[in-house]
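Student: Structure below; questions to follow.
What follows is calculated from the coordinates using simple rules that are stated; it is not laboratory data. Everything numeric here is computed off the predicted structure, so don't read it as measured data. A quick note on method: Cβ atoms are made from the backbone with ideal geometry, for glycine too, and the neighbour counts reach across all protein chains shown.
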Amino acid sequence: MGLSRKRERELKRLRNSAQDLWGDQKQVLDHASRVVREAGKQVKQLGREEVAPRVRDTIDHRIMPTVVSARTAADTTRDKLAHEVLPSVASAVASALAVIEVAKDARVKEALREVRKASDKLGNKVQIIPQKSSAGPGQFILLGLGLVAFAGVAYAAWQTFRDDEDLWVSDETEDFTTATEPQSL
């Protein structure tokens with residue numbers, strides 16, 4: 001089957017157009033790949049020049065001091081616990097155990113029996129009267145500090161929850177639909 005000359009010319013023009021289009025597409029893709037490579041280089045430079053120094057600065061001036069202070073606080077807490085709290089607790093437990101051991105002693109039990117017998121002979125007239133404690137200056141100082149702390153917390157809560165209508169500046173939006181419509185009198 002043969003094609004007419006007219007069809008052959010149209011096919012040849014179409015083939016040339018397709019080849020031109022393919023060449024144009026190659027150029028566009030080559031140009032796009034060059035732009036992407038250049039953008040990658042620019043991103044790397046921006047990262048080295050702007051982002052990395054800011055990250056280093058943040059680490060050096062914000063994160064590391066926090067880590068150092070947290071480490072110092074942990075060390076101080078560990079030392080206080082090991083050298084002050086645990087010895088005090090151990091001393092209190094040892095004292096309690098000593099009191100229990102003394103209470104188990106036969107001589108102490110015998111002395112308590114003698115005190116009871118003497119008390120019974122006197123007709124239970126022997127009484128232990130606890131000494132009345134009076135309020136010292138420490139109690140008043142603590143009461144004052146507690147009141148100041150309560151007032152501070154109350155003031156902070158009031159500042160947090162108060163209605164500050166005049167402190168906020170609202171964004172005023174214009175309604176353009178009414179401005180374009182003719183106003184009727």
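Student: Can you work out the Karplus-derived ³J(HN,Hα) for every residue in the stretch 61-73? Use 6.51 cos²θ - 1.76 cosθ + 1.60 with θ = phi - 60°, whole Hz, and x for glycine or proline.
Tutor: Karplus-based 3J(HN,Hα) across the stretch 61-73 equals 9, 10, 7, 4, x, 5, 5, 5, 5, 5, 5, 5, 5 Hz.
Student: Next question. Quick one: compute a quarter of the convex hull surface over the Cα atoms of the stretch 3-148 and quote it in nm².
Tutor: Averaged projected area of the stretch 3-148's Cα convex hull equals 29.1 nm².
Student: Follow-up question, since we're still on this one. Placing +1 on the Cβ of each Lys and Arg and -1 on the Cβ of each Asp and Glu in the stretch 1-110, which of SER17, ALA73, ILE63 has its Cα farthest towards the positive end of the resulting dipole?
Tutor: SER17
Student: For the stretch 1-55 and the stretch 70-89, what is the separation of their C-alpha centers, rounded to whole Å?
Tutor: If we compute the Cα centre of each part, the gap is 69 Å.
Student: Rounded to the nearest 0.05, what FRET efficiency do ALA70 and ALA96 give with R0 = 30 Å and r taken as the Cβ-Cβ distance? Could you check?
Tutor: E between ALA70 and ALA96, to the nearest 0.05, is 0.25.
Student: Would you kindly derive the ³J(HN,Hα) couplings of the stretch 35-46 from the backbone phi angles with the Karplus curve 6.51 cos²θ - 1.76 cosθ + 1.60 (θ = phi - 60°), listing them in order in whole Hz, with x for Gly and Pro?
Tutor: 3J(HN,Hα) across the stretch 35-46, in whole Hz: 5, 5, 4, 5, 4, x, 5, 5, 5, 4, 4, 4.
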